[in-house]
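Undergrad: This structure is in C-alpha coordinates; I'll ask about it shortly.
The values are calculated or read from the model by the stated rules, or taken from the named source; none is laboratory data. This one's a predicted model, so the numbers in the text were calculated from it and none came from an experiment. Cβ: placed from backbone, ideal geometry, glycine included. Neighbour counts: every protein chain shown. SASA here: full protein model, heavy atoms, side chains in, ligands and nucleic acids out. Shrake-Rupley method; radii C 1.70, N 1.55, O 1.52, S 1.80 Å.
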Amino acid sequence: CDVESQKERVVTEEEWLQKWEMGNIGFHKEQGHPLLQKYLDVLLNGRSGLRIFFPLCGKAVEMKWLADMGHSIVGVELSEQAVKEFFSEHSLPYCEEQVPEISGGKMFQSTSGNISLYCCSIYDLSSSIVGKFDGVWDRGALVAVNPRDRQRYASLMINLVEKNSSYLLVTVSYDPNKHKGPPFYVPESEIKSLFG
Ligand code: SAH
(Lines give C-alpha, C1' and ligand atoms only; values in the text may rest on other atoms or scores of the structure.)
Protein backbone atom coordinates (compact mmCIF):
# COMPACT_ATOMS: atom_id res chain seq x y z
CA CYS A 1 0.00 0.00 0.00
CA ASP A 2 1.05 3.57 -0.62
CA VAL A 3 1.07 5.49 2.66
CA GLU A 4 2.75 8.55 1.11
CA SER A 5 -0.64 9.99 0.22
CA GLN A 6 -1.47 10.57 3.92
CA LYS A 7 1.96 11.59 5.22
CA GLU A 8 1.45 15.35 4.90
CA ARG A 9 -2.13 15.47 6.09
CA VAL A 10 -2.78 17.62 9.16
CA VAL A 11 -5.99 17.88 11.17
CA THR A 12 -5.72 20.94 13.41
CA GLU A 13 -6.93 21.15 17.02
CA GLU A 14 -9.51 23.66 15.83
CA GLU A 15 -10.88 21.14 13.33
CA TRP A 16 -11.28 18.52 16.07
CA LEU A 17 -13.14 21.00 18.27
CA GLN A 18 -15.40 21.83 15.33
CA LYS A 19 -16.19 18.16 14.76
CA TRP A 20 -17.47 18.02 18.34
CA GLU A 21 -19.44 21.25 17.97
CA MET A 22 -21.05 20.05 14.74
CA GLY A 23 -21.80 16.61 16.18
CA ASN A 24 -19.61 15.21 13.41
CA ILE A 25 -18.40 12.36 15.62
CA GLY A 26 -18.99 9.17 13.66
CA PHE A 27 -16.04 7.66 15.55
CA HIS A 28 -18.02 7.61 18.81
CA LYS A 29 -19.76 4.33 19.54
CA GLU A 30 -22.52 3.85 22.07
CA GLN A 31 -21.61 0.19 22.55
CA GLY A 32 -18.37 -0.92 24.14
CA HIS A 33 -15.78 -2.03 21.60
CA PRO A 34 -15.94 -5.80 20.92
CA LEU A 35 -12.14 -6.01 20.78
CA LEU A 36 -11.85 -4.68 24.35
CA GLN A 37 -14.20 -7.40 25.53
CA LYS A 38 -12.28 -9.98 23.53
CA TYR A 39 -8.84 -8.92 24.83
CA LEU A 40 -9.80 -7.77 28.32
CA ASP A 41 -7.81 -10.63 29.86
CA VAL A 42 -4.72 -9.51 27.98
CA LEU A 43 -5.16 -5.97 29.27
CA LEU A 44 -5.72 -7.02 32.87
CA ASN A 45 -3.38 -10.01 32.91
CA GLY A 46 -4.96 -11.25 36.14
CA ARG A 47 -4.47 -7.93 37.92
CA SER A 48 -7.05 -5.75 39.64
CA GLY A 49 -7.24 -2.06 40.49
CA LEU A 50 -5.16 -0.98 37.51
CA ARG A 51 -4.44 2.55 36.33
CA ILE A 52 -5.64 2.57 32.74
CA PHE A 53 -4.94 5.34 30.24
CA PHE A 54 -7.23 6.41 27.40
CA PRO A 55 -5.26 8.67 25.02
CA LEU A 56 -7.44 10.93 22.81
CA CYS A 57 -10.40 9.57 24.74
CA GLY A 58 -13.37 11.45 23.30
CA LYS A 59 -16.30 10.23 25.39
CA ALA A 60 -15.44 6.54 25.03
CA VAL A 61 -17.96 4.45 26.98
CA GLU A 62 -15.27 1.89 27.78
CA MET A 63 -13.94 4.32 30.40
CA LYS A 64 -17.10 3.88 32.44
CA TRP A 65 -17.06 0.15 31.88
CA LEU A 66 -13.50 -0.33 33.19
CA ALA A 67 -14.07 2.11 36.05
CA ASP A 68 -17.09 0.05 37.12
CA MET A 69 -14.80 -2.98 37.24
CA GLY A 70 -12.68 -1.25 39.87
CA HIS A 71 -9.91 0.26 37.75
CA SER A 72 -8.92 3.87 37.80
CA ILE A 73 -9.14 5.70 34.52
CA VAL A 74 -7.20 8.63 33.17
CA GLY A 75 -8.06 10.10 29.78
CA VAL A 76 -6.91 13.06 27.74
CA GLU A 77 -9.08 14.92 25.27
CA LEU A 78 -8.84 18.30 23.52
CA SER A 79 -12.56 18.96 23.53
CA GLU A 80 -14.11 20.14 26.79
CA GLN A 81 -17.51 19.45 25.25
CA ALA A 82 -16.56 15.77 24.82
CA VAL A 83 -15.40 15.50 28.43
CA LYS A 84 -18.55 17.12 29.80
CA GLU A 85 -20.76 14.95 27.61
CA PHE A 86 -19.01 11.86 28.96
CA PHE A 87 -19.89 12.73 32.55
CA SER A 88 -23.41 13.92 31.81
CA GLU A 89 -24.32 10.96 29.58
CA HIS A 90 -23.32 8.57 32.38
CA SER A 91 -24.96 10.77 35.06
CA LEU A 92 -21.63 11.04 36.86
CA PRO A 93 -21.10 14.07 39.08
CA TYR A 94 -17.67 15.64 38.62
CA CYS A 95 -15.51 18.49 39.69
CA GLU A 96 -13.23 20.62 37.60
CA GLU A 97 -9.80 22.02 38.44
CA GLN A 98 -6.94 23.83 36.79
CA VAL A 99 -3.77 21.89 36.05
CA PRO A 100 -1.01 24.28 37.14
CA GLU A 101 1.69 22.57 35.02
CA ILE A 102 -0.33 23.05 31.82
CA SER A 103 -1.28 26.50 30.59
CA GLY A 104 -5.04 26.48 30.06
CA GLY A 105 -5.18 22.83 31.07
CA LYS A 106 -8.09 21.53 33.11
CA MET A 107 -8.82 18.23 34.78
CA PHE A 108 -12.33 16.89 35.23
CA GLN A 109 -12.69 14.22 37.88
CA SER A 110 -15.66 12.10 38.84
CA THR A 111 -16.71 12.81 42.41
CA SER A 112 -15.98 9.17 43.22
CA GLY A 113 -12.40 9.92 42.12
CA ASN A 114 -11.86 6.98 39.77
CA ILE A 115 -12.17 8.78 36.42
CA SER A 116 -9.89 11.75 35.66
CA LEU A 117 -10.09 13.38 32.25
CA TYR A 118 -7.49 15.95 31.27
CA CYS A 119 -8.71 18.58 28.86
CA CYS A 120 -5.60 19.60 26.93
CA SER A 121 -3.42 18.24 24.16
CA ILE A 122 -1.83 14.87 24.85
CA TYR A 123 1.51 16.49 24.05
CA ASP A 124 1.11 18.64 27.18
CA LEU A 125 1.20 15.54 29.40
CA SER A 126 4.18 13.87 31.01
CA SER A 127 4.61 11.18 33.65
CA SER A 128 5.34 13.89 36.22
CA ILE A 129 1.79 15.18 35.71
CA VAL A 130 -0.22 11.98 35.22
CA GLY A 131 2.07 9.27 36.59
CA LYS A 132 2.53 5.93 34.85
CA PHE A 133 -0.06 3.43 33.70
CA ASP A 134 -0.54 -0.34 33.95
CA GLY A 135 -2.67 -0.49 30.83
CA VAL A 136 -3.56 1.51 27.74
CA TRP A 137 -6.63 1.33 25.51
CA ASP A 138 -5.59 2.96 22.24
CA ARG A 139 -8.59 3.04 19.93
CA GLY A 140 -9.04 5.99 17.61
CA ALA A 141 -5.87 7.48 19.09
CA LEU A 142 -2.68 6.49 17.23
CA VAL A 143 -4.80 6.34 14.07
CA ALA A 144 -6.12 9.86 14.76
CA VAL A 145 -2.71 11.40 15.41
CA ASN A 146 -1.34 13.38 12.45
CA PRO A 147 1.15 11.17 10.58
CA ARG A 148 4.00 13.66 11.19
CA ASP A 149 3.40 13.44 14.99
CA ARG A 150 3.40 9.65 15.29
CA GLN A 151 6.96 9.35 16.54
CA ARG A 152 6.38 11.96 19.21
CA TYR A 153 3.13 10.28 20.24
CA ALA A 154 4.72 6.83 20.50
CA SER A 155 7.70 8.13 22.52
CA LEU A 156 5.32 9.83 24.94
CA MET A 157 3.20 6.69 25.32
CA ILE A 158 6.29 4.59 26.01
CA ASN A 159 7.19 7.11 28.73
CA LEU A 160 3.75 6.91 30.29
CA VAL A 161 3.63 3.15 30.86
CA GLU A 162 5.03 0.98 33.62
CA LYS A 163 7.40 -1.84 32.76
CA ASN A 164 4.76 -4.55 33.20
CA SER A 165 1.99 -2.81 31.34
CA SER A 166 -0.31 -4.00 28.57
CA TYR A 167 -1.10 -1.84 25.57
CA LEU A 168 -4.13 -2.66 23.45
CA LEU A 169 -3.97 -0.92 20.07
CA VAL A 170 -6.79 -0.90 17.53
CA THR A 171 -5.85 0.05 13.98
CA VAL A 172 -7.76 0.16 10.73
CA SER A 173 -6.75 -1.41 7.48
CA TYR A 174 -7.73 0.13 4.14
CA ASP A 175 -6.27 1.56 0.95
CA PRO A 176 -4.83 4.98 1.94
CA ASN A 177 -5.22 6.24 -1.63
CA LYS A 178 -8.98 6.02 -1.31
CA HIS A 179 -9.52 7.89 1.97
CA LYS A 180 -7.61 10.84 3.36
CA GLY A 181 -8.20 9.97 7.03
CA PRO A 182 -8.49 10.18 9.97
CA PRO A 183 -8.53 7.41 10.88
CA PHE A 184 -5.16 7.04 9.16
CA TYR A 185 -3.77 3.80 7.87
CA VAL A 186 -0.74 2.85 9.99
CA PRO A 187 1.02 -0.18 8.57
CA GLU A 188 2.12 -2.93 10.93
CA SER A 189 5.79 -2.36 10.00
CA GLU A 190 5.48 1.24 11.19
CA ILE A 191 3.83 0.17 14.45
CA LYS A 192 6.76 -2.16 15.07
CA SER A 193 9.29 0.57 14.46
CA LEU A 194 7.36 3.08 16.59
CA PHE A 195 6.89 0.85 19.62
CA GLY A 196 9.75 -1.59 19.21
N1 SAH B 1 -10.76 7.30 21.40
C2 SAH B 1 -12.08 7.90 21.24
C3 SAH B 1 -12.11 9.10 20.31
C4 SAH B 1 -11.49 8.91 18.94
S5 SAH B 1 -11.49 10.33 17.88
C6 SAH B 1 -13.07 6.83 20.86
O7 SAH B 1 -12.70 5.66 20.75
O8 SAH B 1 -14.24 7.15 20.66
C9 SAH B 1 -10.03 11.21 18.35
C10 SAH B 1 -10.25 12.17 19.51
O11 SAH B 1 -9.00 12.77 19.84
C12 SAH B 1 -11.20 13.33 19.22
O13 SAH B 1 -12.18 13.38 20.23
C14 SAH B 1 -10.32 14.58 19.26
O15 SAH B 1 -10.99 15.71 19.77
C16 SAH B 1 -9.17 14.14 20.15
N17 SAH B 1 -7.86 14.73 19.89
C18 SAH B 1 -7.29 15.01 18.70
N19 SAH B 1 -6.04 15.47 18.85
C20 SAH B 1 -5.79 15.48 20.19
C21 SAH B 1 -4.67 15.85 20.98
N22 SAH B 1 -3.53 16.31 20.42
N23 SAH B 1 -4.75 15.71 22.32
C24 SAH B 1 -5.89 15.26 22.90
N25 SAH B 1 -7.00 14.89 22.20
C26 SAH B 1 -6.95 15.01 20.86
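Undergrad: Which one of these does P34 not meet: (1) within 15 Å of the ligand (Cβ to nearest atom); (2) in contact with a helix residue (DSSP H, G or I) (Cβ under 8 Å, 6 or more places away or on another chain)?
TA: Only one criterion is unmet by P34, namely (2).
Undergrad: Here's something else I'd like to know. Looking at the stretch 68-88, which of its residues are more than 12 Å from the ligand (Cβ to nearest atom) and either within 15 Å of the chain's Cα centre (by Cα) or assigned to a helix (DSSP H, G or I) (or both)?
TA: D68, S72, I73, V74, K84, F87, S88
Undergrad: Of the residues W20, W65, only one is part of a helix (DSSP H, G or I) and closer than 21 Å to V145 by Cβ; which?
TA: Values: W65 fails: closer than 21 Å to V145 by Cβ.
Criteria check complete, one pass: W20.
Undergrad: Please give the number of the condition I25 fails out of (1) within 11 Å of the ligand (Cβ to nearest atom); (2) closer than 21 Å to Y118 by Cβ; (3) touching a residue at least 60 places away in the same chain (Cβ under 8 Å).
TA: (3)
Undergrad: So which residues in the stretch 34-58 are out of contact with any strand residue (DSSP E or B) (no Cβ under 8 Å at 6 or more places or on another chain) and charged (D, E, K, R), if there are any at all? Steps first, answer last, please.
TA: Going through the stretch 34-58, the residues out of contact with any strand residue (DSSP E or B) (no Cβ under 8 Å at 6 or more places or on another chain) turn out to be 34, 37-38, 40-41, 46, 48.
Scanning the stretch 34-58 gives K38, D41.
Undergrad: Let me ask another. List every residue pair whose Cβ atoms lie under 8 Å apart, where the two residues are 6 or more positions apart in sequence or sit on different chains, the first residue falls within the stretch 49-69 and is without any contact (Cβ under 8 Å) to a residue 60 or more places away in the chain, and the second residue, located anywhere, is among the acidic types (D, E) and assigned to a loop (DSSP other than H, G, I, E, B).
TA: V61/E30
Undergrad: Within the stretch 37-51, can one find any residue that is open to solvent by less than 50 Å² (accessible area, probe 1.4 Å) and within 13 Å of the ligand (Cβ to nearest atom)? Explain how you work it out, then say what you get.
TA: We begin by selecting, within the stretch 37-51, every residue open to solvent by less than 50 Å² (accessible area, probe 1.4 Å); these are 40, 43-44, 50.
Among the residues that remain, those that are also within 13 Å of the ligand (Cβ to nearest atom) are: none.
No, the stretch 37-51 has no match at all.
Undergrad: Which members of the stretch 117-134 meet the condition of being more than 14 Å from the ligand (Cβ to nearest atom) and either within 17 Å of A67 (Cβ to Cβ) or among the small types (G, A, S) (or both)? If you could, list the steps in order and put the result at the bottom.
TA: Kept after step one, since they are more than 14 Å from the ligand (Cβ to nearest atom), are these residues of the stretch 117-134: 127-128, 131-134.
Of everything in the stretch 117-134, those that are more than 14 Å from the ligand (Cβ to nearest atom) and either within 17 Å of A67 (Cβ to Cβ) or among the small types (G, A, S) (or both) turn out to be S127, S128, G131, F133, D134.
Undergrad: Let me ask another. Under 7 Å between Cβ atoms, at least 6 apart or on separate chains: pull out the pairs that start in the stretch 181-196 with a residue that is among the β-branched types (V, I, T) and end on any residue that is open to solvent by less than 50 Å² (accessible area, probe 1.4 Å).
TA: V186/L142; V186/V143
Undergrad: All but one of (1) within 13 Å of the ligand (Cβ to nearest atom); (2) surrounded by 15 or more Cβ atoms within 10 Å (Cβ to Cβ) hold for Q6, so report the exception by its number.
TA: In the conditions (1) within 13 Å of the ligand (Cβ to nearest atom); (2) surrounded by 15 or more Cβ atoms within 10 Å (Cβ to Cβ), Q6 misses (1) alone.
Undergrad: Given the criteria over 15 Å from G135 (Cα atoms), within 10 Å of the ligand (Cβ to nearest atom) and of a type outside the set (D, E, K, R), does L17 qualify? Before the answer, list the steps.
TA: Working: over 15 Å from G135 (Cα atoms): yes; within 10 Å of the ligand (Cβ to nearest atom): yes; of a type outside the set (D, E, K, R): yes.
Criteria met by L17.
Undergrad: A further question on this structure: I need a count of the residues in the stretch 70-127 that are under 19 Å from K19 (Cβ atoms), of a type in the set (A, V, I, L, M) and open to solvent by less than 20 Å² (accessible area, probe 1.4 Å).
TA: 5
Undergrad: Considering only the stretch 154-196, state which residues are open to solvent by 30 Å² or more (accessible area, probe 1.4 Å), among the small types (G, A, S) and either within 16 Å of the ligand (Cβ to nearest atom) or part of a helix (DSSP H, G or I) (or both).
TA: S155, S189, S193
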